[in-house]
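Read the structure below first, then the notes.
Taken together, the values in this text are just the output of simple stated rules run on the coordinates, not laboratory data. Because the structure is predicted, anything quoted here is derived from the model rather than measured. Glycine gets a Cβ as well: all are built from the backbone with ideal geometry, and neighbour counts include every protein chain shown.
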Amino acid sequence: MPTIFGRFFFKLTDSKNLIGEFSNNFSKRNWTESSDRIIPNAADGKFDGDYFSTWHEENGGQHECVLAKLEIKQKPENIFSLIWWRVNNGVPETNPFFRGEGILCDGILIGDYQDC
């Protein structure tokens, strides 16, 4: 059963990367997340794609930097599926770290996520 429930938003930058913020039921504030598209010229101005995503978070009172692979896929209509895999020593883990869904609103991807 999931223990982390959160929300996020992402904006697509001119270079087809993502910048945004997130919070969750453990956060007392919003945190910044940025994501670099793995194949930059495959974007065509859309969110679909694979990214390397970074953020930092509190873990037992200590701050921890996180690197993850993020996959965003558009589903029917205006819905997007997001999956994050933690990256260790340059290799994404086999099992997803977080899953989420989002919708577009005025060019911003807004949604929620939970741990797997």
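Using the Cβ-Cβ distance between residue 78 and residue 15 with R0 set to 25 Å, the FRET efficiency from 1/(1 + (r/R0)^6) comes to roughly 0.55.
If only the Cβ of Lys and Arg carry +1 and only the Cβ of Asp and Glu carry -1, the dipole of segment 5-115 around its Cα centre is close to 20 debye.
For mean projected area of the Cα convex hull in nm², pick the label among (i) 8.6; (ii) 9.3; (iii) 7.8 that corresponds to the value derived from the coordinates. Identified label for the calculated read-out: (iii). A protection proxy built from the mean count of other Cβ atoms within 10 Å ranks the segments 26-35, 50-59, most packed first, as 50-59, 26-35.
In this structure, the amide hydrogen of residue 97, modeled 1.01 Å from its nitrogen in the peptide plane, lies closer than 5 angstrom to those of 84, 85, 86, counting only residues at least 5 positions away or on a different chain. Sequence-ordered 3J(HN,Hα) estimates for segment 58-63 from the Karplus curve with 6.51, -1.76 and 1.60 and θ = phi - 60° stand at 8, 9, x, x, 9, 8 Hz, glycine and proline given as x.
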